[in-house]
1. Could you pull out the longest piece of the chain with no exposed loop trypsin sites (Lys or Arg not before Pro) in it, calling a site exposed if DSSP puts it outside H, G, I, E, B and it has at most 12 other Cβ atoms within 10 Å?
2. In the chain, what % of DSSP beta bridges are antiparallel (nearest 5)?
3. To the nearest 20 debye, what charge dipole does the chain have about its Cα centre, counting +1 at the Cβ of each Lys and Arg and -1 at the Cβ of each Asp and Glu?
4. Using a 1.4 Å probe, what is the accessible area per residue for region 1-59, in Å²?
5. Any idea what the alpha-carbon Rg over 2.2 N^0.38 Å comes to for the chain?
6. Roughly how many nanometres apart are two label points built 7 Å out from the Cα toward the Cβ at Asn81 and Leu16?
7. For the chain, give the percent of accessible area contributed by carbon and sulfur heavy atoms, probe 1.4 Å, rounded to a whole number.
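The values are calculated or read from the model by the stated rules, or taken from the named source; none is laboratory data. Because the structure is a prediction, the values reported are computed rather than measured. Glycine gets a Cβ as well: all are built from the backbone with ideal geometry, and neighbour counts include every protein chain shown. We work out accessible area using only protein heavy atoms, side chains counted, and drop any ligands, DNA or RNA first. Shrake-Rupley method; radii C 1.70, N 1.55, O 1.52, S 1.80 Å.
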Amino acid sequence: SAELIMIEEPGCPWCLAWNEQIGIAYPKTEEGKRAPLRRVDLTEPWPEDLKDIRPERVTPTFILVDAGKEVARLRGYPGENFFWPLLDEMLEKLDTAQN
């Protein structure tokens, strides 16, 4: 099943903006149901189950993962008006990958 990995780090202003503008509502959205959010702190060791996914130095970075494989990646937070359309494009790749 798919999940949206959010790579973040303490003190990241764009992570904070995402949390305030998107993060609160995300789990309740269709997108959030299709690809639940999983947060990964850049300052912590990289999770073992993501060993096939290339880590990122830019925060936030959003990586759409399905069955342990990367489907799409979005570096940075472009603001809420751009985030949703870009996320939808990422999720369309998920449909292609599953068919």
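1. Here the longest segment lacking exposed loop sites spans 1-50.
2. 70 percent
3. Taking the Cα centre of the chain as origin, the dipole is about 80 debye.
4. Accessible surface, normalised per residue, equals 63 Å².
5. Relative to the rule-of-thumb radius for its length, the chain sits at 1.00.
6. 2.3 nm
7. Exposed carbon and sulfur together represent 53 percent of the surface.
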